[in-house]
Each structure stands twice: as structure tokens, then as C-alpha cells.
Amino acid sequence: MFTSRAEYRILLRQDDADRRLTERAYNIGLAKRDRYDWWLQKKQSIEEIETFCKNFPIKAKEINPALERLGTTPLQFGVKLEDLVARPQLNFKNLSEIIPELRALIEHSANRKEEIAEAAEIRIKYKGYIERERVVAEKMHRLENIRIKGHFDYNSIQSLSTECRQKLTAIDPETLAQASRIPGVSPSDINVLLVLMGR
């Protein structure tokens, strides 16, 4: 299956496959112990870099000349390193050239340090998008458990759009999650059904 065809493709990135699958593969006997141990080491290194970036203070007057050279807006006040990593013009490569502590941490990582640094950088840069998609996925997972087949006469619910009433009547979905995936059924239509079910 192509990741681009997946429903939650931000959560199914190729750089994140080992995070999602290694432990499961090890538990069912598909991954050997050395593979699992490597994953635990990689995970710890990624978390160390993320924690460092979250806590490392950046002083505006010390970093601004370098930021201007890199073509990004100077700081008005101090920030944490993760705020700089989130900028599109900045990455671990150019930041590690001006922040020796970051360079030392990346160099200190386990073998395959480029892979570890890339994974940590992606998690920091796209943290907001990843978290938002995780919330949506969890909400959709909860909707999978709400059965609606046979509960409604869709044509009598005037607060649903006309297109929604027609589609729901024709398809008669089993669950609210299935209904939400029907083209023409909007999030506000799903909310109407939730309200009518007392959720």
C-alpha cells in the first residue's frame, strides 16, 4: 500500500516505521533480539535529542548574526532550540555548525547517527501536525465503536445536508466512522448524528 493513499499518512511516515513496528515484530517473533535492542538504543537517542532541543536556551544576541547569515528572521528574545528547528530555513545540519552542544550530542548518538538525527528533526519540525493527526485518528477510532445502522431515518433529519441524507440513506453505514468516510458527509453532519445519539 502506498503511504500517500493511507488515511493518516503523517502518522505512517517511512522514517517512523521502526517506531511503529519493531516492538510488535519482536513480540510475535519476526524481529530478532539484536534488531529490537538496536531500536531501543535508537529510540533513546532520538528522545535525548528531542529533550535537549526542548530545554536548550538560545539567547537572541548570541544567535542573531548566524540567523541572518542563514536567511531567517533574527530573534527578538530568547527561545528554546526546538523553536529554531521548527523554522523552514533551519535544520540540524546548519544549526549544529553554530551550536557546538547540538553537534556534540548528535555525534555522541549511537551508530547511524544521520538516521537518528533525521528522525529527531522530523519529530520536532512536524510536532504540531503529528499531534493534530493523532488526535483525529483517535477520534475516528472512537467513532468505529458507535454503531448507527438502523438507528436513524436520515430523510427525516432536517439538520443534515440534502446530499448527506441521500448518501446515508443509499449506503446505510454500519458505524459513525464509516459514515464519516462517505464523500458528501461533512464533519458537521457527523456532529449532528453524535448529538442525536446523546454523545
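The values are calculated or read from the model by the stated rules, or taken from the named source; none is laboratory data. This structure is a prediction, so every number in the text was calculated from the model and none was measured. Don't worry about glycine lacking a Cβ; one is built from the backbone with ideal geometry, like all the others, and counts go over all protein chains shown. These accessible areas exclude ligands, DNA and RNA; they are computed on the full protein's heavy atoms, side chains included. Shrake-Rupley method; radii C 1.70, N 1.55, O 1.52, S 1.80 Å.
A few remarks follow.
- Candidates in the range 45-70 are the residues that are surrounded by 13 or more Cβ atoms within 10 Å (Cβ to Cβ), within 22 Å of the chain's Cα centre (by Cα) and not β-branched (Val, Ile, Thr); of these, the one that is farthest from His108 (Cα to Cα) is Lys54.
- Test for Arg165: is it out of contact with any Lys or Arg (no Cβ under 7 Å at 6 or more places or on another chain) and in contact (Cβ under 8 Å) with a residue 12 or more places away in the chain: no
- Within the range 93-117, tally of residues that are under 18 Å from Lys59 (Cα atoms) and either aromatic (Phe, Trp, Tyr) or outside any helix (DSSP H, G or I) (or both): 1
- Residue list for the range 167-199, restricted to those being modelled with pLDDT of 90 or more, surrounded by fewer than 15 Cβ atoms within 10 Å (Cβ to Cβ) and touching a helix residue (DSSP H, G or I) at 6+ places or on another chain (Cβ under 7 Å): Thr169
- If you filter the range 24-82 down to residues that are of a type in the set (A, V, I, L, M) and in a strand (DSSP E or B), you find that the one that is nearest to Gly128 (Cα to Cα) is Val79.
- Candidates in the range 83-92 are the residues that are part of a helix (DSSP H, G or I) and open to solvent by less than 20 Å² (accessible area, probe 1.4 Å); of these, the one that is farthest from Lys42 (Cα to Cα) is Leu84.
- In this entry, Lys54 passes the filter for residues that are of a type in the set (D, E, K, R) and modelled with pLDDT of 95 or more.
- Qualifying position, being open to solvent by 30 Å² or more (accessible area, probe 1.4 Å) and in contact (Cβ under 8 Å) with a residue 60 or more places away in the chain, among Arg147, Arg132, Arg142, Arg112: Arg112
- Candidates Lys80, Lys42, filtered to the one that is among the basic types (Lys, Arg), open to solvent by less than 40 Å² (accessible area, probe 1.4 Å) and within 23 Å of the chain's Cα centre (by Cα): Lys42
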